[in-house]
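First comes the structure, then the notes that go with it.
Read-outs: derived from the displayed coordinates by stated rules, not from any lab. The structure presented is a predicted model; accordingly, all values stated were derived computationally and were not measured. FYI the Cβ positions are ideal-geometry reconstructions off the backbone, even for glycines, and counts take in every protein chain you see.
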Amino acid sequence: MQFTTIATLLGLAATGLAAPTSSASGEVAAVGLRSTEAVNTTPNFEKRKFRGGWCGLHMKIVDGDYSQATITIKDGEGNSLETTHKQEARGSILYFEFTKGLPTSDPINIQVGGLKAGLARIEYKDQDISTGGYNTQNANCKVGKYDQPNVYKDRTTVDLDCGFSC
């Protein structure tokens, strides 16, 4: 009897069903599905509250047969607000606009490429930040070294991190 009960309960857990529970009066509650929140590990960005302070972004820029960048924006506590990726023809200027999760309608605008100085330009409210060139650091940004081409003949990548008041 005990083995059958344990096997039944293990089978319910494996199928996503909750085990029956007993109340104080000894009645057995109905078996039901587990809460989807306990199963779903994807964060709900719409309900997460924005935390201001010193926000950040991580950017990976690839230059090769095409121009591409992947950017992740984080709030003041390091919570990821949005990640976006763009790819265009080689030599193109990439424009990004981030609004998801921000406390106001002021977007974070980012331009990658086409600049006289620096790899990218970040604008948020009254801030206008240049990332600087390869292997440099300024008050807002730290830019890594160019990763030299390896398997792909004319392809280089660089990672950079920036912070700004939010």
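Listed values, structure above:
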| quantity | calculated |
| --- | --- |
| Inter-label distance for LYS100 and THR156, nm, one decimal - labels placed 7 Å from Cα along Cα-to-Cβ | 3.1 |
| Charge dipole (the stretch 54-165, unit charges on Cβ, about Cα centre) - positive-most of THR99, GLY64, PHE164 | GLY64 |
| Given LYS49/LYS86; LYS100/LYS125; LYS86/LYS145; LYS86/LYS125, the pairs whose alpha carbons are separated by over 19 Å | LYS49/LYS86; LYS86/LYS145; LYS86/LYS125 |
